[in-house]
Amino acid sequence: MSPLPFALVATILALGLPLLLDGVERKIRAAIHSRIGPPVTQTILDFLKLFSKETRVTRSALVFTYLSLTSLITMAAGLFAEAMYLATLDEKYLFYTIVYYIISQSTATLSFLILPNPYSIIGGFREVLVSLVNEPFMLLGLLLYIRFLGVINHSPLGFLGLAGSTGIVLVASYVSTRRVPFDLAEAEPELASGVLIELTGRVLLLALYMMLALRAFSQLIPLVLLAPWLGGGWVSALIAYIAWLPLTWAIYATVSNIMGRSRVDLAVKRLAEIYLILLASVVAGVLGGS
């Protein structure tokens, strides 16, 4: 059977499930804080309400809309490419996935920098700061994982490199979702919702959906690490695809709700330190395999 239908189904699920999974995350947050919380469908209800609200159309809002739609289109292309890679193990699709991931992250960050509000601009530059630290390590982790996957059976320390590179990708995936303590662009207590402050109505809906879709894309990136173990079949790939997103969403939501907020300088500094620690195990694997 052709993997194209599977890739289309997987892409649609990845773009649609976040609306429901965000409601699940709200329920998890409420449970941790000993509250009942809103219904699971609350995010969908919020989006329907925003869709009916008045939208203030400005020149910057139009540019923001263009960049946001560009980010969403490249996200959809990246999710489709990742699904094709899982089903075929053709490395060209992995390359497309990485390229579309970078483009979608970049255009999403850039979209907040063009809004004429100091809070949004500050939040946008914070996004840039986190991305400059995080995204290179995401790519490095993926490349190192592929490298160590081929030598794990030939070196006793190869497992260290594989574990370290896996840890880098998982941490980068969490940071890319912009959950606490890396929600520096929004940072409600100090920036009054930061990058969202200038947006209303359907433009705000677009921004919120773009952030949820980016969250889903970022969480699905580590799934490529399991591709060699799935054997390239579309059935096993579809099962993994369906199970992975809700599982990681629940785990990431729980982690974010038991962690405290952090200052922007400390959050980025701690992130760099975590990567250096993980990179040390990778270096040990390189030395062991040489």
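So the values come out like this:
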{"quantity": "Conditions (1) within 20 Å of the chain's Cα centre (by Cα); (2) surrounded by 15 or more Cβ atoms within 10 Å (Cβ to Cβ); (3) free of Cβ contacts under 8 Å to residues at least 40 places away in the same chain; (4) over 18 Å from ALA207 (Cβ atoms): number failed by THR109", "calculated": "(4)"}
{"quantity": "Total residues in region 112-142, condition farther than 27 Å from ALA280 by Cβ, aromatic (Phe, Trp, Tyr) and touching a residue at least 24 places away in the same chain (Cβ under 8 Å)", "calculated": "2"}
{"quantity": "All positions within region 10-32 that are more than 30 Å from ALA237 (Cα to Cα) and free of Cβ contacts under 8 Å to residues at least 12 places away in the same chain", "calculated": "ALA30, ALA31"}
{"quantity": "Answer residue from region 242-285, given it is among the polar types (S, T, N, Q) and assigned to a helix (DSSP H, G or I) and is modelled with the lowest pLDDT among those", "calculated": "SER281"}
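The values are calculated or read from the model by the stated rules, or taken from the named source; none is laboratory data. Note that the structure is a prediction, hence the values are computed from the model and not measured. Because the Cβ atoms are built from the backbone with ideal geometry, glycine has one as well, and the counts that use them run over all protein chains shown.
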